[in-house]
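Inspection log for the structure reproduced underneath, given as structure tokens.
The values are calculated or read from the model by the stated rules, or taken from the named source; none is laboratory data. Remember, it's a predicted structure, so these values are computed and weren't measured experimentally. Reconstructed Cβ throughout: ideal geometry from the backbone, glycine too, with neighbour counts over all protein chains shown.
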Amino acid sequence: MNGDRLRLRLPCRELLPQYEAALAAGWSPDTERDASAEQLARLRRDPVEFLADLTRRDGSIGSAAGAMPRLPGRVFWLDDGEFCGLINLRYMPGSELLPDHASGHIGYAVVPWKRRRGYATRALALMLPVARDVGLGHVEITCDEDNDASRRVIANNGGMLAGRRAEPGGKTKLVFRIALAPPVAPP
Ligand SMILES: CC(C)(COP(=O)(O)OP(=O)(O)OC[C@H]1O[C@@H](n2cnc3c(N)ncnc32)[C@H](O)[C@@H]1OP(=O)(O)O)[C@@H](O)C(=O)NCCC(=O)NCCS
């Protein structure tokens with residue numbers, strides 16, 4: 001399978017029950033920490049507010065290091081007719097750099113029952129023009145050294161190893177860089 005049927009969609013009420021089911025099954029949309037129980041509680045308390053919060057561009061967010069100011073970004077859900085996962089982009093306007101607490105420009109997670117269909121590879125391919133359109137000349141994506149699937153996703157999209165980063169707790173993250181082609185000028 002090559003992921004051709006996959007679309008990126010803004011978080012929406014239509015797919016919210018499937019997002020909720022994924023959380024209830026223990027899937028975490030945050031790859032740095034297990035956020036499923038916390039998100040499930042917030043979603044069930046106030047679904048409208050929860051949805052608005054997912055796409056909010058100000059305020060703070062929970063992270064492995066505690067609450068941090070929210071960076072500008074985009075979040076999309078992966079949709080093949082059903083909810084499949086998410087991909088997000090964060091960046092600092094006018095800069096290619098990121099603060100230390102942000103683990104790369106792009107993060108993604110596919111629900112376990114939709115994996116190995118090319119969806120993460122396709123989602124990243126669809127996100128790269130979005131990153132270019134917000135002004136980035138390249139993106140950095142980090143992944144755990146032993147995350148073979150994510151390494152393949154990045155390699156499939158032209159990622160080159162740019163470095164290694166020691167993480168608190170002794171883990172090593174690989175840092176990959178993907179150069180973003182300039183937009184093609186209309187004829
Ligand atoms: C990493 C992840 C997003 C991959 O999603 P996916 O939709 O299954 O990825 P794809 O189908 O596009 O597969 C990409 C490649 O990885 C390979 N792959 C998928 N799962 C794999 C696994 N468990 N072990 C080894 N290779 C794997 C695929 O065969 C494919 O290889 P190919 O390009 O050589 O054919 C998914 O496993 C996931 O959500 N993991 C948990 C969250 C996570 O790690 N996110 C990334 C943080 S950096």
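General observations
- Pairs linking a residue in the stretch 98-114 that is over 22 Å from residue 137 (Cβ atoms) to a residue that is within 8 Å of the ligand (Cβ to nearest atom) and assigned to a helix (DSSP H, G or I), with Cβ atoms under 6 Å and 6 or more positions apart or on different chains, are 110/119; 110/120.
- Meets criteria (in a loop (DSSP other than H, G, I, E, B), near the ligand (Cβ under 9 Å from one of its atoms) and surrounded by 15 or more Cβ atoms within 10 Å (Cβ to Cβ)) for residue 151: no
- Residue 134 being among the hydrophobic types (A, V, I, L, M, F, W, C) and away from the ligand (no atom under 11 Å from the Cβ): yes
- Scanning the stretch 159-178 for any residue that is in a loop (DSSP other than H, G, I, E, B), near the ligand (Cβ under 9 Å from one of its atoms) and within 17 Å of the chain's Cα centre (by Cα) turns up nothing.
- Inter-residue pairs, beta-carbon under 8 Å, first touching a residue at least 24 places away in the same chain (Cβ under 8 Å) and surrounded by fewer than 11 Cβ atoms within 10 Å (Cβ to Cβ) and in the stretch 163-176, second assigned to a loop (DSSP other than H, G, I, E, B) and not polar (S, T, N, Q), 6+ apart: none
- Strands (runs of 3 or more DSSP E) contained in the stretch 1-106 and holding at least 1 residues aliphatic (A, V, I, L, M) and either modelled with pLDDT of 95 or more or in contact with a Leu (Cβ under 9 Å, 6 or more places away or on another chain) (or both): 7-9, 60-63, 73-79, 83-90
- The residue of the stretch 1-15 that is farthest from residue 122 (Cα to Cα), among those that are surrounded by fewer than 13 Cβ atoms within 10 Å (Cβ to Cβ) and within 13 Å of the ligand (Cβ to nearest atom), is 1.
- Check on residue 135, assigned to a loop (DSSP other than H, G, I, E, B) and surrounded by 11 or more Cβ atoms within 10 Å (Cβ to Cβ): yes
- The stretch 138-147 - residue that is within 8 Å of the ligand (Cβ to nearest atom) and within 19 Å of residue 125 (Cβ to Cβ) and, of those, surrounded by the fewest Cβ atoms within 10 Å (Cβ to Cβ): 147
- Identity of the residue in the stretch 16-33, among the aliphatic types (A, V, I, L, M) and more than 12 Å from the ligand (Cβ to nearest atom), that ends up surrounded by the fewest Cβ atoms within 10 Å (Cβ to Cβ): 25
- The residue that is farthest from the ligand (Cβ to nearest atom), counting only those in the stretch 93-131 that are more than 22 Å from residue 10 (Cβ to Cβ) and among the aliphatic types (A, V, I, L, M), is 97.
- Residue within the stretch 130-139 that is closer than 27 Å to residue 7 by Cβ, of a type in the set (Val, Ile, Thr) and at pLDDT below 95 present: yes
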